[in-house]
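Right, one structure below, let's go through it.
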2 protein chains.
Amino acid sequence: MENRVYNFSAGPSMLPLSVLQKAQAELLNCNGSGSSVMEMSHRSAPYEAIIAEAESLLRELMQIPDNYKVLFIQGGATQQFSMVPMNLKVNGKADYIVSGNFANNAAKEAAKFVDVNIVANSKPQNYAEIPAFDSKDFDPEADYVHITSNNTIFGTRYTQWPETGNVPLVADMSSNILSEPMDVSRFGLIYAGAQKNIGIAGLAVVIIREDLLSRSCDKLPVLMNYNTYANNDSMYNTPPCFAIYMAKLVFEWIKEQGGVAAVYENNVKKAAILYDYLDSSSFFKATAKKEDRSLMNIPFVTPSKELDAQFVKEAAQQGFVNIKGHRLVGGMRASIYNAMPNEGIEKLVAFMRDFEARNK
Amino acid sequence: MENRVYNFSAGPSMLPLSVLQKAQAELLNCNGSGSSVMEMSHRSAPYEAIIAEAESLLRELMQIPDNYKVLFIQGGATQQFSMVPMNLKVNGKADYIVSGNFANNAAKEAAKFVDVNIVANSKPQNYAEIPAFDSKDFDPEADYVHITSNNTIFGTRYTQWPETGNVPLVADMSSNILSEPMDVSRFGLIYAGAQKNIGIAGLAVVIIREDLLSRSCDKLPVLMNYNTYANNDSMYNTPPCFAIYMAKLVFEWIKEQGGVAAVYENNVKKAAILYDYLDSSSFFKATAKKEDRSLMNIPFVTPSKELDAQFVKEAAQQGFVNIKGHRLVGGMRASIYNAMPNEGIEKLVAFMRDFEARNK
Ligand SMILES: Cc1ncc(COP(=O)(O)O)c(C=O)c1O
Ligand SMILES: Cc1ncc(COP(=O)(O)O)c(C=O)c1O
Ligand SMILES: [Mg+2]
Ligand SMILES: [Mg+2]
Ligand SMILES: [Mg+2]
Ligand SMILES: [Mg+2]
């Protein structure tokens, strides 16, 4: 596709070209219905087939056990920062590991509803690593333990899950769901905003172990109660129909790639192209701790702020857009979700080599 | 466009063909950016221009006074059933007029948060009319008075607004916003799900008088607090980017039609095509009370349930889809929002004449 740029945005982010082409082809007439999917009644047979297929593909891709519900919810991941404590509250206290900015936001929001205990915090390291934690640090009476599986801004990820015993582990997987195999049975609840590896903004996916649904109190706002979704196939009211349709197309695409295991294998390769170059270069430097490096978000810097700015500017001119780092880290960040083609990174590294040669 | 059906769905519902064509044309490359609008960072300049333009067009179309904020919120109209009482609560009591099923749902949800006083209720008339009310019925100490300006299921609408004195009037305009001129200054708060006259599901628009924003308490879930949106141009977290983009395209289309006044003039004509025929027919009958008839949703019946079913079936075969009535009314319902072309109704009436001739 001429004119398409390589978009390194942290989210909303690139979609597979074939997914966009499919959506475009059927935008005026979906599956011979004579309507756009955007115009379909959510109670119509063609639409019900779409949402059911989205759920069933996600179950297949993530091997979600039968005792977990899949919920499609509006409000993004931030809505889950509130819904998790509001729904999982029993004793009124929860453990949080703070490994980044969003993890910290999640903990701050939860503190409106439960007593939050920060078990570990890598803020002193400017979140360049996953903080050390010990299973003994967890409160056995906590209602849950919350982690952020991949830290979008700082480019770190968990490579092993905390051992929390009988306390349910809750994970914000917004920025690495479907990028690597995850054993769902290790979690009480998983949530993710859709705008990175699932599809488009305006949708979050929640995967919840059924027994936890009985914790929610009746007086919650109707759409803040997980049971509203669990009892109505996520259609108590009008769902974000088009976003769910886009998720279905992305799930089909992941399946065509060979599923999550195949996508993961490629993600490891893809990330290595950039990390290997960063490590070999005396000019560029990756900012995250090596053992905790994310496969999805790769922050890096040049020797100076001026060169960083120059790099971002020249990169955009070459069609590598949204590569500026988050203000909390500075420098650059290449977000390379599932849909970023390998050639996007190869070309970026070629450009980096050239930039290095010209500026060292 | 061949193969396109006339879709009488109550929502999600038809979109203007030219809007769909525009979305299709730029789906892979929006405004020369090299990205789909679905892939754009919400913090990027091209996307910020889109959301700003959506707001400014809506302000222009509805002549929204400067002391009102426009908010883009996820969760549909149902989320507003909760947010209104949670945010507007001061004395802890509110007046509701129950003119239909959604009005009733709004009142039931509010009762979780405030004492709800039902000022008038047309349930005994199966909601075939707007219930009578008197300005003396309103509690001057109420935090607000809530109405549903158009009753989607039963096909009635308000033709004059209640006089509520200093008590803010709150209206659920989900099914007739932008269909007729509305004097925004008469309201404290207006809300509407987008999937009828604004765009697609996954977005609600809230128009709130600024002084009411000080009522919200700090402890509300962050995305349930109107201030979160008002203070961050609706971008505290990732907004439903594509739904806002579609709303912008629909607002542009309304402006091209000559604005809300012109659209209203045509809506009156469009509805008359169907109502005039229904009134002249001894076979078909409109179910809503004449003085309260909606311009957007027109429920009607044949002489029997069997003929109703036969009608719905034959209509679908002729490309008039989703015309089955809601189970609470039975029969048929033609939802004819702004985007329904006049010829859709003309052709429907021609088919109805033919059906009547064959079945009388
Ligand atoms: C790990 C993580 N959690 C939460 C969020 C917030 O998501 P949303 O904007 O959908 O509320 C983000 C956004 O990028 C994220 O990366
Ligand atoms: C008048 C009215 N209010 C509220 C709703 C509920 O809207 P949502 O499904 O967006 O929550 C509807 C849905 O059709 C409606 O017509
Ligand atoms: Mg982070
Ligand atoms: Mg290096
Ligand atoms: Mg109704
Ligand atoms: Mg008649």
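The values are calculated or read from the model by the stated rules, or taken from the named source; none is laboratory data. Small disclaimer: the values here were computed from a predicted structure and weren't measured. Quick reminder, even Gly has a Cβ in these numbers, built from the backbone with ideal geometry, and neighbours come from all protein chains shown. What goes into the accessible areas is simple: the full protein's heavy atoms, side chains included, and nothing from ligands, DNA or RNA. Shrake-Rupley method; radii C 1.70, N 1.55, O 1.52, S 1.80 Å.
State which helices in chain A qualify, where a helix is a whole DSSP H run, it must extend 27 Å or more along its own axis by its Cα atoms, and its mean Kyte-Doolittle hydropathy must be at least -1.0. Intermediate results must be reported in sequence, preceding the final value.
Numbers: long enough: A:259-280 (32 Å, 0.07).
Result, helices passing both filters: A:259-280.
Take every Cα-Cα pair in chain A and report what % of them are more than 39 Å apart. Mind showing how you got there, number by number?
Values: 10696 of 64620 pairs.
Considering chain A, 17 percent of its Cα-Cα pairs are separated by more than 39 Å.
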Ignoring ligands and nucleic acids, A:LEU17 exposes an accessible area, probe 1.4 Å, in Å² to the nearest 10, of 60
Could you tell me which of rounded, prolate or oblate describes segment B:106-230, using a ≥ b ≥ c as the square roots of the eigenvalues of the alpha-carbon gyration tensor, with rounded for a/c under 1.5 and, failing that, prolate when a/b is larger than b/c and oblate otherwise?
oblate
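How far, in nm, would the chain grow between A:ALA49 and A:ASP276 when pulled straight, counting 0.36 nm per residue and subtracting the alpha carbon separation? Numbers along the way, then the final one.
Values: separation 227, 0.36 × 227 = 81.72 nm, distance 4.44 nm.
So the extension gain works out to 77.3 nm.
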Per-residue mean of C-beta atoms belonging to partner chains within 10 Å, peptide A:241-249:
3
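What are the GluC sites (Glu not before Pro) within segment B:104-208 that DSSP puts in a loop, where the Cβ has at most 11 other Cβ atoms within 10 Å? Show your work: numbers first, answer last.
On the way: sites: B:GLU109, B:GLU129, B:GLU141, B:GLU163; in loops: B:GLU129, B:GLU141, B:GLU163.
Of the GluC sites (Glu not before Pro), the ones in loops of segment B:104-208 whose Cβ has at most 11 other Cβ atoms within 10 Å are B:GLU141.
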Per residue, how much accessible surface does the protein assembly as shown expose to a 1.4 Å probe? Answer in Å², no decimals.
37
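Full extension from A:GLN125 to A:LYS347: what is 0.36 nm times the residue separation minus their Cα-Cα distance, to one decimal in nm? Kindly include the intermediate steps, with their values, before the conclusion.
Numbers: separation 222, 0.36 × 222 = 79.92 nm, distance 3.17 nm.
So the chain would gain 76.8 nm between A:GLN125 and A:LYS347.
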Virtual spin-label span in nm between B:GLN317 and A:LYS219, 7 Å along Cα→Cβ:
5.6
In Å, what is the Rg of the alpha-carbon atoms in segment A:241-305, and how long is Dmax?
16.1, 49
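From the square roots a ≥ b ≥ c of the eigenvalues of the alpha-carbon gyration tensor of segment A:74-119, which class results: rounded (a/c under 1.5), prolate (a/b over b/c), or oblate?
Values: a/c = 2.32, a/b = 1.07, b/c = 2.17.
The shape class here is oblate.
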Computed Kirkwood radius, in angstrom, where 1/r is averaged over Cα pairs of the protein assembly as shown
26.8
With 23 Å as the limit, write out which pairs from A:LYS89/A:LYS219; B:LYS196/B:LYS324; A:LYS69/A:LYS123; A:LYS324/A:LYS347 have Cα-Cα distances beyond it, or answer none.
A:LYS69/A:LYS123
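Using just the Cα positions, wrap segment B:51-96 in a convex hull and report its mean projected area in square nanometres, one decimal place. Walk me through the numbers on the way to the answer.
Values: hull surface 18.2 nm².
One quarter of the hull surface, i.e. the mean projection, equals 4.5 nm².
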Solvent-accessible ranking of A:ASP279, B:ASP95, largest area first, probe 1.4 Å
A:ASP279, B:ASP95
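Distances longer than 19 Å among the Cα atoms of segment B:173-266: what percent of all pairs is that? Each step should come with its number before you reach the end.
Working: 2136 of 4371 pairs.
For segment B:173-266, the share of Cα pairs beyond 19 Å comes to 49 percent.
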Given a 1.4 Å probe, show me the residues in segment A:204-224 buried by at least 20 Å² of accessible surface when comparing the whole protein assembly to the chain alone.
A:LYS219, A:PRO221, A:VAL222, A:LEU223, A:MET224
Buried by partner chains in segment B:10-33 (accessible area down by at least 50 Å² vs chain alone, 1.4 Å probe, heavy atoms, protein only) are B:PRO12, B:LEU20, B:GLN24, B:LEU27, B:LEU28
Rounded to the nearest 10 Å², the 1.4 Å probe accessible area of B:HIS326 is 50
With the label 7 angstrom out along Cα to Cβ, how close does A:LYS289 come to the same site in each of the other copies, in nm, nearest first?
7.1
At a probe size of 1.4 Å, how large is the accessible area of B:LYS22, to the nearest 10 Å²?
90
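Divide by every residue of the protein assembly as shown the summed helix terms, -39500 (n - 2.57) for each DSSP H run of at least 4, and state the resulting mean residue ellipticity at 222 nm, rounded to the nearest 500 deg cm²/dmol.
On the way: 18 runs with 248 residues, N = 720.
After summing the helix terms and dividing by residue count, I get -11000 deg cm²/dmol.
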Using only Cα atoms, locate the centre of segment A:164-191 and the centre of segment B:182-196, then give the distance between them in Å, rounded to an integer.
40
Pair-distance profile P(r), taking every C-alpha pair of segment B:1-42, with 10 angstrom steps and integer %
25, 38, 28, 8
Mean 1/r over all different Cα pairs, inverted: what Kirkwood radius does segment A:1-84 give, in Å?
15.9
For segment B:144-210, what percent of Cα pairs sit more than 21 Å apart?
20
Segment A:253-308 to segment A:51-99: how many Å between their Cα centroids?
27
If each of B:ALA262 and B:ARG358 carries a label point 7 Å out from its Cα toward its Cβ, how far apart are those two points in nm?
3.9
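Can you give the local net charge around A:MET14? Use residues other than it whose beta-carbon is closer than 12 angstrom to its beta-carbon, Lys and Arg +1, Asp and Glu -1. Before the final figure, lay out the partial values.
Numbers: positive: A:ARG4, A:LYS196; negative: B:GLU39.
Value of the local net charge: +1.
What's the Kirkwood radius of segment A:190-237 in Å, using all Cα pairs?
The answer is 11.8 Å.
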For A:HIS146, other-chain or 5+-apart residues with amide H closer than 5 Å (H placed, Pro excluded) are A:ASP95, A:TYR96, A:ILE97, A:VAL170
So how much accessible surface do B and A hide from each other in total, probe 1.4 Å, in square angstrom to the nearest 100?
4500
Shortest first and in nm, the label-point separations between B:ALA132 and its counterparts in the other identical copies (7 Å out along Cα→Cβ) come to 7.9
For segment B:1-107, which whole percent of the accessible surface, found with a 1.4 angstrom probe, sits on carbon and sulfur atoms?
46
homo-copy label distances at B:GLN257 (7 angstrom along Cα-Cβ), nm, one dp, ascending, are 4.1
Anchor A:LYS93: aspartates and glutamates whose Cα lies under 17 Å away (excluding residues fewer than 8 positions away in-chain):
A:GLU109, A:ASP115, A:ASP137, A:ASP139, A:GLU141, A:ASP143
Using alpha carbons only, what's the Rg to Rh ratio of segment B:274-360 with Rh from Kirkwood?
0.92
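Between B:ASP183 and A:LYS112, what FRET efficiency comes out of the Förster formula 1/(1 + (r/R0)^6) with R0 = 41 Å and r the beta carbon distance, rounded to 0.05? Let's see the in-between values first.
Working: r = 37 Å, r/R0 = 0.91.
For R0 = 41 Å, the calculated efficiency reads 0.65.
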Can you give the direction-averaged projected area of the convex hull of the alpha-carbon atoms in segment B:301-347, in nm²?
3.5
